[in-house]
1. Computed from these coordinates, which is Cα extents along the principal axes in Å: (1) 79, 53, 42; (2) 72, 49, 41; (3) 68, 54, 51?
2. Could you sort the peptides 351-360, 399-408 by per-residue average Cβ neighbour count (10 Å cutoff), highest mean leading?
3. If each of residue 135 and residue 120 carries a label point 7 Å out from its Cα toward its Cβ, how far apart are those two points in nm?
4. Mind checking which of 260, 221, 108 has the largest fluctuation in a GNM of the chain, springs on alpha carbons under 10 Å?
5. Please give the residues of segment 286-303, grouped as numeric ranges, whose backbone N is less than 20 Å from a label point set 7 Å along the Cα-to-Cβ vector of residue 237.
6. What number, rounded to the nearest 500 deg cm²/dmol, is the helix-based mean residue ellipticity at 222 nm of the chain, given -39500 (n - 2.57) per DSSP H run of at least four residues and division by all its residues?
7. Taking the Cα-to-Cβ direction at residue 329 and at residue 422 and moving 7 Å from each Cα, how far apart do the two end points lie in nm?
8. Show me the ranking of peptides 280-293, 330-343 by mean Cβ neighbours inside 10 Å, starting with the highest.
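Read-outs: derived from the displayed coordinates by stated rules, not from any lab. Quick caveat: nothing in here was measured; it's all calculated off a predicted structure. Cβ placement follows ideal geometry from the backbone for every residue including glycine, while neighbour counts extend to all protein chains displayed.
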């Protein structure tokens, strides 16, 4: 009995293992000659990097997706993006549900952790709803982009619409525009339809499945939303429009008014975890790049297709700081008290992401001999599962690629999932003597 319990995996370990196995499988398929356009073998490290980036819905690439990978390879990448966006556990459980398999308590508990559900009740029903809405939303995105892409690209515009709709909704940032001569979506920086559709897909995918549930249930009655949904919506709006105002005023003054509005909003939205870009990022000012790094680290929301520390983590830390400034004993969020354990979790996640981001950036800078600021942009993009780059990804050596792979993996699995899967929980909490330490 003890041996059975000893080797029993926790829900957090199952989530990490699921992502790892999918990444490995994707790597092996992408290595095959059928996956590349010139029918040559792709090295394991580059296939592993691409597979990790796809499963972890990041978008950092060592090869241009359109010119290196064959249609078969692009389909494999898109499948990995779709599974990674939904979550390995959600996809596995949805297949089990639709084939009539009974879902036990361990499976339900794993689903709860995978989608950041508040409790175990109703998670099976929620999985069905998630899968249904995902395909509906991605289908709508595809249909809306078809007129523009078919006009510009002919029949292959259908594939482009499907690929970019799924990539945008899953916050992946992979694009196949390389064959058109453009980098990412720079060729559509002034297209109202492409910009609005892609931004909408990114936002919908990044706000979280349980926010969808509240929106569906309560419609415009915002006061009836759960606290998490309120916090996600409020901070998502702030993190979209505040940076967009800065970008509009300080970064893109050489563009016409309409295009200037679009590129300002687009860069603000995509920086949070999507990875598309409609401008040359290397032309950004130092402050603009630093602002992007901050947004990439925050990321999307819990229980969504997005990565990063999450908007809720940022919100809890913000309100905790406000409570300290106001000399309040408890953290208050929108007239609700937040348990101290939530604040501790948010602090742990913040320290973990910040440490990995800074340490990894410094290591890559030392290994590659590149500017620290450029490397920090890359590591923020990796751990935030964003996919934006200042152009160094394809030039990185194997050790640096392995660092980026690890960051993408941690960023998609989630800070808490990684912490709980790695460290055993204490069975007994010792009641040590209380003593104060002066801080500040």
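1. (3)
2. Final packing ranking: 399-408, 351-360.
3. Result for the modelled spin labels: 2.9 nm.
4. 221
5. 299-302
6. Dividing the helical sum by the residues of the chain leaves -21000 deg cm²/dmol.
7. Going by the 7 Å Cα→Cβ label model, 3.5 nm.
8. Result, highest mean Cβ count within 10 Å first: 280-293, 330-343.
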